[in-house]
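Okay, so here's the structure we're looking at.
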Amino acid sequence: MTATANEYVGAAAPAETGVPIPQVVAFGVMTTILVAAPFLVYPVFLMKALCFALFACAFNLLIGYVGLLSFGHAAFLGAAGYGAAHSAKAWGFPPELAILFGTAVAAALGVVIGALAIRSKGIYFANITLAFAQMVYFFSVQAGFTGGEDGIQSVPRGTLLGVLNLNETLTLYFVVLAIFLAGFLLIYRAIHSPFGQVLKAIRENEPRAVSLGYRAERYKLLAFVLSATFAGLAGATKALVFQLASLTDVHWTMSGEVVLMTLLGGLGTVFGPVVGAFIVMALENYLSQLGAWVTVVQGVIFVVCVLTFRRGVIGELGNLLRKSL
Amino acid sequence: MADDVILETEGLTKEFRGFVAVKDVRLRVRRGTIHALIGPNGAGKTTCFNLLTHFLAPTRGRIRFKGREITGSRPADIARLGLVRSFQISAVFPHLSVLENVRVALQRTRGASFDFWRSERVLDGLNGRAVELIEAVGLAAFARTPAVELPYGRKRALEIATTLALEPEMMLLDEPTAGMAHDDVERISALIKRVAANRTVLMVEHNLSVVENLSDIITVLARGEVLAEGDYRSVSRNQDVIQAYMGSGHA
């Protein structure tokens, strides 16, 4: 999978509109690190971080390339988690179908929420998405199959495509890595497609894009649904990794956390959300003995980030190197 | 000559909470002309543009373009029919390059661009035409420059190139020379004259020498109403117009 992923980027490298060399290099570095990492770092931590990295990339597609701040992305992460967990546990879906089903749930939810939210902008858009996410949250508290406070526990991981036993940690890790890389590359492609070009035009100057004959709302809706779908893919994968779908993933704090990750790493950058997700996850992991103080630490980091390096880690780095990363 | 009318409004009215911005305007723009819309500040010129392209919905009245009722059509659909507008504040995509700005417009000719799975390299086929358009407005040297870095006059030129990319039958230009240095005004005027050769132009313009130079016919608006209409000579001699508009500064 890793090899094909590299070829994919390499093939797109020439021509002026192709992938810039620094991004190809950065992708190579990232992939190498991620392939080597499970032999050096606790794999379960890495898998969690990879799921959140994909989640943040999906979120970044919307805020970074359409300029819409969603404050309800937890709904897609969480709903897909419940979808995957329930279909695997109650209906006996194999892992590939469970993940697909969970992702489809998020996509469907994205169509409904997106169609209504996309009419508004700025703070109103953030509020509407938050309101819908809260509805999903309270639905998850009340509905029987979600297990309420307990969540859906001991979800079977099963055997992927009847071949790969996902109870083997390393096997599971490389499957998660493959899912992450596939999601990452698809998001990258969406941003650098004819569709992405129109999205950028709409972000830059919506009335002008409309005056050129683009129905802006349809492009925004598709971007929203794509973002929800990839957030769902992250959530469904996460549910299988932890064998758990719980209220944490639909809670509004999760929507806040993905904002932090993306901002910290670099809004509207290709690699920023990945770096941001790893930083936030590392903080939570290594500062966990501080208990509730982790939130305070996160808050301080958020403030420092906004005050001193607004472009985020990768944004500032890219600016320093004068390269787009 | 009625067949010659490409854009026509009847009783076009826009009211904002107790204030009538545009009142009962009857506008007839003949095909192939450069038609200027002038008037003092607050006369309703820009509101008129917004109504014609449905960036605002009229309170009353109808708009017909090429004999087709477009009063209720959505802005994007009006653009697709061939009535394309520019904006008072220069409307470029600031962080796209000059080439990309024009290409976004050319991309419309592909139909809808929902193909998020394809590489943007499929758009390279449009580069040739984009470069032609950029050359036509004298921006050839700036093809790779982000639009935000262009001086003001060049931005307006880019805007016109982008509008032209759609091959519109009719262009609405909102103050194309506003805020420009003298040289730029001349370049843009010449450009408008050139591109108007085989299309219709309706423009709002404050620079009266540009109006005199370019327009075949002039409609004067004041307080939302049509005050006078005719060629430059007859309009500039109209007592009402002198009173309302030119009296203070020009005439």
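The values are calculated or read from the model by the stated rules, or taken from the named source; none is laboratory data. These figures come from a predicted structure and were not determined experimentally. All Cβ positions, even for glycine, are placed from backbone atoms using ideal geometry, and neighbour counts span all protein chains on display. Note: areas computed on protein heavy atoms with side chains; ligands, DNA, RNA excluded. Shrake-Rupley method; radii C 1.70, N 1.55, O 1.52, S 1.80 Å.
B:Tyr152 satisfies every condition listed in (1) more than 10 Å from chain A (Cβ to nearest Cβ); (2) without any contact (Cβ under 8 Å) to a residue 40 or more places away in the chain; (3) open to solvent by 10 Å² or more (accessible area, probe 1.4 Å) except (2).
Please verify whether segment A:170-187 includes one or more residues that are in contact with an Asp or Glu (Cβ under 6 Å, 6 or more places away or on another chain) and modelled with pLDDT of 90 or more.
No, that holds for no residue.
Inside segment A:273-301, can you point out the residues that are closer than 25 Å to A:Ala26 by Cα and of a type outside the set (Val, Ile, Thr)? Selection gives A:Pro273, A:Gly276, A:Ala277, A:Phe278, A:Met281, A:Ala282, A:Leu283. I'd like to know if segment B:22-42 contains one or more residues that are outside any loop (DSSP other than H, G, I, E, B) and within 14 Å of chain A (Cβ to nearest Cβ). Within segment B:22-42, none of the residues are outside any loop (DSSP other than H, G, I, E, B) and within 14 Å of chain A (Cβ to nearest Cβ).
Restrict the check to segment B:53-75 and report whether at least one residue is part of a helix (DSSP H, G or I), within 12 Å of chain A (Cβ to nearest Cβ), more than 28 Å from A:Ala223 (Cβ to Cβ) and not charged (D, E, K, R). No, that holds for no residue.
State yes or no: is B:Thr47 β-branched (Val, Ile, Thr), over 18 Å from B:Glu229 (Cα atoms), assigned to a loop (DSSP other than H, G, I, E, B) and open to solvent by less than 30 Å² (accessible area, probe 1.4 Å)? Against the criterion (β-branched (Val, Ile, Thr), over 18 Å from B:Glu229 (Cα atoms), assigned to a loop (DSSP other than H, G, I, E, B) and open to solvent by less than 30 Å² (accessible area, probe 1.4 Å)), B:Thr47 does not qualify. Would you check if B:Thr9 is in contact with a Lys or Arg (Cβ under 7 Å, 6 or more places away or on another chain), closer than 30 Å to A:Ala216 by Cβ, touching a residue at least 24 places away in the same chain (Cβ under 8 Å) and part of a strand (DSSP E or B)? Spelling it out, B:Thr9 is indeed in contact with a Lys or Arg (Cβ under 7 Å, 6 or more places away or on another chain), closer than 30 Å to A:Ala216 by Cβ, touching a residue at least 24 places away in the same chain (Cβ under 8 Å) and part of a strand (DSSP E or B). Apart from one condition, A:Leu221 fits all of (1) within 14 Å of chain B (Cβ to nearest Cβ); (2) surrounded by fewer than 22 Cβ atoms within 10 Å (Cβ to Cβ); (3) within 14 Å of the chain's Cα centre (by Cα); the exception is (3). The residue that is modelled with the lowest pLDDT, among those in segment B:179-210 that are closer than 30 Å to B:Pro58 by Cα and more than 14 Å from the chain's Cα centre (by Cα), is B:Gly179. Could you go through segment B:51-60 and let me know if any residue there is in contact (Cβ under 8 Å) with a residue 12 or more places away in the chain, in contact with a Phe, Trp or Tyr (Cβ under 8 Å, 6 or more places away or on another chain) and open to solvent by less than 50 Å² (accessible area, probe 1.4 Å). Among the residues of segment B:51-60, not one is in contact (Cβ under 8 Å) with a residue 12 or more places away in the chain, in contact with a Phe, Trp or Tyr (Cβ under 8 Å, 6 or more places away or on another chain) and open to solvent by less than 50 Å² (accessible area, probe 1.4 Å), which makes the answer no.
Within segment B:56-67, being at pLDDT 90 or above and under 27 Å from B:Asn198 (Cα atoms) holds for B:Arg62, B:Ile63, B:Arg64, B:Phe65, B:Lys66. The residues in segment B:113-130 that are open to solvent by less than 60 Å² (accessible area, probe 1.4 Å) and more than 7 Å from chain A (Cβ to nearest Cβ) can be counted, and the count is 4.
What are the residues in segment B:163-182 that are within 14 Å of chain A (Cβ to nearest Cβ), open to solvent by less than 10 Å² (accessible area, probe 1.4 Å) and part of a loop (DSSP other than H, G, I, E, B), if any? Result: B:Pro168, single match. Picking from residues in segment A:127-162 that are surrounded by fewer than 17 Cβ atoms within 10 Å (Cβ to Cβ) and within 22 Å of the chain's Cα centre (by Cα), the one that is farthest from A:Gly72 (Cα to Cα) is A:Met135. B:Leu96 fulfils the conditions (1) at the interface with chain A (Cβ under 7 Å from one of its Cβ atoms); (2) open to solvent by 20 Å² or more (accessible area, probe 1.4 Å); (3) modelled with pLDDT of 90 or more except for a single criterion, (2).
Residues of segment A:46-98 that are aromatic (Phe, Trp, Tyr), part of a helix (DSSP H, G or I) and within 16 Å of A:Gln243 (Cβ to Cβ): A:Tyr82 alone. When segment B:122-137 is filtered for residues that are hydrophobic (A, V, I, L, M, F, W, C) and farther than 16 Å from B:Leu164 by Cβ, the ones remaining, listed by number, are B:Val122, B:Leu123.
Applying the set (1) over 12 Å from the mean Cα position of the chain (by Cα); (2) surrounded by 24 or more Cβ atoms within 10 Å (Cβ to Cβ); (3) at pLDDT 90 or above; (4) among the hydrophobic types (A, V, I, L, M, F, W, C) to A:Ala245 leaves exactly one unmet item: (3).
Within segment B:84-93, restricting attention to residues that are facing chain A (nearest Cβ under 10 Å), of a type outside the set (D, E, K, R) and touching a residue at least 60 places away in the same chain (Cβ under 8 Å), which residue is surrounded by the fewest Cβ atoms within 10 Å (Cβ to Cβ)? Restricting to residues being facing chain A (nearest Cβ under 10 Å), of a type outside the set (D, E, K, R) and touching a residue at least 60 places away in the same chain (Cβ under 8 Å), the top hit is B:Phe87. B:Gly138 meets all of the listed conditions (1) touching a helix residue (DSSP H, G or I) at 6+ places or on another chain (Cβ under 9 Å); (2) within 14 Å of chain A (Cβ to nearest Cβ); (3) at pLDDT below 90; (4) not in a helix (DSSP H, G or I) but one, namely (2). The number of residues in segment A:163-210 that are under 23 Å from A:Phe59 (Cα atoms), facing chain B (nearest Cβ under 9 Å) and open to solvent by 20 Å² or more (accessible area, probe 1.4 Å) comes to 7. Out of B:Val226, B:Val185, B:Val201, one residue alone is in a strand (DSSP E or B) and open to solvent by 10 Å² or more (accessible area, probe 1.4 Å). It is B:Val226. Taken over segment A:288-325, the criterion of being among the hydroxyl-bearing types (Ser, Thr, Tyr) and over 20 Å from A:Ala56 (Cα atoms) is satisfied by A:Ser288, A:Thr308.
Taking segment B:141-162 as the range and being assigned to a loop (DSSP other than H, G, I, E, B) and under 21 Å from the mean Cα position of the chain (by Cα) as the test, the residues that pass are B:Leu150, B:Pro151.
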